[in-house]
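The values are calculated or read from the model by the stated rules, or taken from the named source; none is laboratory data. Because the structure is predicted, anything quoted here is derived from the model rather than measured. Positions of Cβ are backbone-derived with ideal geometry, glycine not excepted, and every protein chain shown enters the neighbour counts. Ligands, DNA and RNA are stripped out before the accessible areas are found, and what is left, the full protein with its side chains, is counted by its heavy atoms. Shrake-Rupley method; radii C 1.70, N 1.55, O 1.52, S 1.80 Å.
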Amino acid sequence: MFTLGYIGGFCHLYIGQEAVCVGAISSLREDDYVLSAYRDHGHCIARGSDPKKVMAELFGKATGLCKGKGGSMHLFNAEKNFLGGFAIVGGHIPIATGVAFANKYQKKDSCVLCFFGEGAVNIGAFHEALNISATWKLPVVYICENNRYGMGTPIERATSLYDICQKACAYSMERDHIDGMDVLAVRKSVEKAVKRAREDSIPTLIEARTYRFRGHSMLDPAHYRTKEELEEQLKGDPIITFKDKLLKEGILSDSTVQSMEEGIKKEIDEAVDFAMKSPAPSIDILSEDLYI
């Protein structure tokens, strides 16, 4: 749809990283909160948002989650406690920390998941947020989705410390390093972190090593990596490997998988059809939803 011109602006695909958001968000309750960066499609849907409204937002239509005003990088769904969708690298990390502070201040036992890429760990706001959450003991779990490339720059050229989770040591914070291509490993780690946040109000930094199969955005041909590197990483596709695991253990059958895939394709087709037929926003709403 982007290639055909139906999606405006930038479009950052989450293909390859699905195990991180699915495994992590599956450990939450409905009253917990999720915040993400601009590669937010997976998180928003995994949190329970209607794919039709997500697609309509990508199309910039009035029926979208944000009435067509947010687009790809700014998905938001207050009903599901999904608070964005932020385009400024690292800019949402203090906001997630503030949500955690609000929860603690109001004596709620809900927690916050904050997703960001490894490119955000060199931003000052990352360190400020971790410091204050550790000092005030806030119920937040920071999840760094390390997909190895900040736009087109490999992590080795941008960060002096390769093991990002060790940055938590500077703030005496709980930390973990996990295989971000394994949905069960992600879930197991995040469940422990959420339990710490909920019961003891202790923050955690988790580094999930993952890989995006497409470029930084749809406009990125990804010439900075080799064809051989991509082919090797595709062998670890989290959806395919998890499906194979379930088939091997007899939890799923081939017919069940086929039925599921057909259902998913139908759901996607319906979402596209809904977005195509939805009206564009009226110019009359241009001044609505503004914070002045």
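For the range 252-273, a residue qualifies if it is surrounded by fewer than 11 Cβ atoms within 10 Å (Cβ to Cβ) and either under 27 Å from residue 58 (Cβ atoms) or touching a Lys or Arg at 6+ places or on another chain (Cβ under 8 Å) (or both), and the qualifying residues are 262, 263, 265, 266, 269. Taking the range 187-207 as the range and being touching a Ser or Thr at 6+ places or on another chain (Cβ under 8 Å) and open to solvent by less than 20 Å² (accessible area, probe 1.4 Å) as the test, the residues that pass are 190, 193, 194, 197, 203, 206. Of the residues that make up the range 57-71, is at least one part of a helix (DSSP H, G or I) and either surrounded by fewer than 22 Cβ atoms within 10 Å (Cβ to Cβ) or of a type in the set (Phe, Trp, Tyr) (or both)? Within the range 57-71 (the criterion being part of a helix (DSSP H, G or I) and either surrounded by fewer than 22 Cβ atoms within 10 Å (Cβ to Cβ) or of a type in the set (Phe, Trp, Tyr) (or both)), the answer is no, since none of the residues qualifies. For residue 177, the conditions (1) surrounded by fewer than 20 Cβ atoms within 10 Å (Cβ to Cβ); (2) out of contact with any strand residue (DSSP E or B) (no Cβ under 6 Å at 6 or more places or on another chain); (3) over 23 Å from residue 214 (Cα atoms) are fulfilled apart from (2). In the condition set (1) under 17 Å from the mean Cα position of the chain (by Cα); (2) without any contact (Cβ under 8 Å) to a residue 24 or more places away in the chain, residue 190 is compliant with all but (2). Picking from residues in the range 141-160 that are assigned to a strand (DSSP E or B) and touching a strand residue (DSSP E or B) at 6+ places or on another chain (Cβ under 6 Å), the one that is farthest from residue 195 (Cα to Cα) is 146.
Inside the range 78-124, residues that are open to solvent by 20 Å² or more (accessible area, probe 1.4 Å), on the phi < 0 side of the Ramachandran plot and not aromatic (Phe, Trp, Tyr) make up a count of 22. Contact annotation: residue pairs with Cβ atoms under 6 Å, 6 or more positions apart or on different chains, pairing a residue in the range 129-153 that is in contact (Cβ under 8 Å) with a residue 24 or more places away in the chain and of a type in the set (Val, Ile, Thr) with a partner that is assigned to a loop (DSSP other than H, G, I, E, B) and surrounded by 24 or more Cβ atoms within 10 Å (Cβ to Cβ), are 140/203. Of the residues examined, residue 220 is not one that is farther than 24 Å from residue 11 by Cα and not hydrophobic (A, V, I, L, M, F, W, C).
Answer with yes or no whether residue 244 is surrounded by fewer than 16 Cβ atoms within 10 Å (Cβ to Cβ) and either without any contact (Cβ under 8 Å) to a residue 60 or more places away in the chain or of a type outside the set (A, V, I, L, M) (or both). Criteria met by residue 244. None of 287, 255, 278 is modelled with pLDDT of 95 or more and over 29 Å from residue 24 (Cα atoms) except 278.
Please go through the range 162-187 and give me each residue that is in a helix (DSSP H, G or I), free of Cβ contacts under 8 Å to residues at least 60 places away in the same chain and charged (D, E, K, R), ordered by number.
Correct list: 167 only.
Suppose the filter is open to solvent by 80 Å² or more (accessible area, probe 1.4 Å), at pLDDT below 95 and not charged (D, E, K, R); does residue 162 pass it? Explain how you work it out, then say what you get.
Values: open to solvent by 80 Å² or more (accessible area, probe 1.4 Å): yes; at pLDDT below 95: yes; not charged (D, E, K, R): yes.
Answer is yes for this residue.
In this structure, residue 184 does satisfy being under 17 Å from the mean Cα position of the chain (by Cα), open to solvent by 30 Å² or more (accessible area, probe 1.4 Å) and not charged (D, E, K, R).
Is there a residue being open to solvent by less than 40 Å² (accessible area, probe 1.4 Å), in contact (Cβ under 8 Å) with a residue 12 or more places away in the chain, closer than 30 Å to residue 185 by Cβ and part of a helix (DSSP H, G or I) anywhere in the range 26-40? No, there is no match, as no residue in the range 26-40 is open to solvent by less than 40 Å² (accessible area, probe 1.4 Å), in contact (Cβ under 8 Å) with a residue 12 or more places away in the chain, closer than 30 Å to residue 185 by Cβ and part of a helix (DSSP H, G or I).
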